[in-house]
Amino acid sequence: MELILPNGKILRGDLTPVVIKRTDLTAVPSTLECLIRVDKDLSEFIQQGKILSLAEKDVQYRIIATSQQGDGIRTKGNPNYTLTKVIAILDSCHQIAFAKERAIIKENTNFSTIYRACGATIAVSKDIKVRRFACYVGSPPSFQIQQSLQREAATVVWDGKHSLAFTRLRDLFEQKPKEVLQENSTQDFISGFVERHEVPAFYSNTGNGNLISASGKRGRGADFEMFADSQILNNLSTYLIQRKVWTTRLTPNINAGDVIEIEKKNYVVITATHLFSQPESGSGSQLSRFWLGQLSNMVDKTK
């Protein structure tokens with residue numbers, strides 16, 4: 001994976017021994033983590049706030065953290081490099097990750113409007129109405145956006161280029177699979193115990209003071225959601241739960257939100273990571289790992 005500096009120059013491969021591109025179903029849908037060998041000429045470009053671009057799609061990431069991993073890491077032809085760990089997030093959404101100096105409160109609007117109000121510049125190809133959104137002073141909008149999405153049983157899906165879509169969780173499974181596995185070559189993860197502890201049942205109050213709750217069995221923790229109707233309560237109880245982890249050859253065209261079919265069952269990619277590694281020995285590795293989930297709610301219980 002080629003990285004481009006703010007001055008337009010492409011970093012040599014031997015200066016980027018490890019690059020990991022990650023996509024998630026989150027408000028800031030992609031991150032870049034890499035190790036870069038930095039000398040005095042590169043140091044001005046590998047700083048917090050600087051932009052790194054991916055050559056293959058001209059996707060820009062803003063550096064939010066750097067840390068030196070050691071001094072004097074030797075590279076052929078120049079012994080004066082310092083190995084630096086870099087974490088960067090998708091630049092067109094980076095403002096969503098920062099705490100705000102003023103409150104942002106919206107009612108009966110679209111998620112695209114909320115993104116614009118929070119400082120994001122990314123294009124939106126598909127939108128969803130939201131009843132109410134509130135991000136108070138000193139809070140990063142990303143967390144409140146995730147909460148609002150959950151109230152609509154929806155998520156964010158990035159196209160890997162320059163736009164994202166706000167999509168209902170159930171609609172994700174209507175896509176054509178990006179990959180079909182006839183045999184199960186994944187690691188399974190099934191735990192009703194974990195699900196019961198991590199996903200509560202929700203209840204609320206009506207205008208006259210009566211209590212209402214989401215449909216389904218209890219047998220788990222409970223959370224109160226003020227002034228939520230039955231639809232919102234059921235949306236809060238609809239979620240993606242991890243079922244499998246699949247490690248395979250480098251497959252950069254599959255990202256979070258895509259569908260993988262395994263033994264005639266569809267799974268949605270919750271998180272995708274693509275690793276590009278070029279160790280000193282020359283025996284580099286390139287692979288992809290996907291965390292796969294199925295739709296679950298309070299009606300379909302794991303015993």
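The values are calculated or read from the model by the stated rules, or taken from the named source; none is laboratory data. Note that the coordinates shown come from a computational prediction; the quantities given were computed from them, not determined experimentally. Because the Cβ atoms are built from the backbone with ideal geometry, glycine has one as well, and the counts that use them run over all protein chains shown.
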For this session: Identify all residues within the range 254-270 that are surrounded by fewer than 20 Cβ atoms within 10 Å (Cβ to Cβ) and over 19 Å from VAL156 (Cβ atoms); write none if there are none.
Result: GLU261, GLU263, LYS264, LYS265, ASN266
Exercise. Would you call LEU240 within 17 Å of the chain's Cα centre (by Cα), touching a residue at least 24 places away in the same chain (Cβ under 8 Å) and closer than 19 Å to GLN147 by Cβ?
Worked result: yes
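This table checks each residue for (1) among the hydroxyl-bearing types (Ser, Thr, Tyr); (2) modelled with pLDDT of 95 or more; (3) touching an Asp or Glu at 6+ places or on another chain (Cβ under 7 Å); (4) under 17 Å from LYS178 (Cα atoms).
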residue: ALA256; (1), (2), (3), (4): no, yes, yes, yes
residue: VAL259; (1), (2), (3), (4): no, yes, no, yes
residue: VAL268; (1), (2), (3), (4): no, yes, no, yes
residue: THR271; (1), (2), (3), (4): yes, yes, yes, yes
residue: SER277; (1), (2), (3), (4): yes, no, no, no
residue: GLU280; (1), (2), (3), (4): no, no, no, no
residue: SER285; (1), (2), (3), (4): yes, no, no, no
Exercise. Given the range 99-202, what strands (runs of 3 or more DSSP E) lie entirely inside it while holding 2 or more residues that are under 24 Å from ARG62 (Cβ atoms), of a type in the set (Val, Ile, Thr) and outside the structural domain of PHE224 (by the TED database)?
Worked result: 154-158
For this session: Out of ARG37, ARG22, ARG12, report the one residue that is of a type outside the set (S, T, N, Q) and under 28 Å from VAL157 (Cβ atoms).
Result: ARG22
For this session: Determine whether the range 79-88 contains at least one residue that is in a strand (DSSP E or B) and without any contact (Cβ under 8 Å) to a residue 12 or more places away in the chain.
Result: yes
Problem set entry | Candidate set: the range 2-41, residues that are touching a Phe, Trp or Tyr at 6+ places or on another chain (Cβ under 7 Å) and surrounded by 19 or more Cβ atoms within 10 Å (Cβ to Cβ); chosen: the one nearest to ILE64 (Cα to Cα) | LEU32
Exercise. Which of the residues spanning the range 206-253 are aliphatic (A, V, I, L, M), surrounded by 13 or more Cβ atoms within 10 Å (Cβ to Cβ), at pLDDT below 85 and not in a loop (DSSP other than H, G, I, E, B)?
Worked result: ILE212
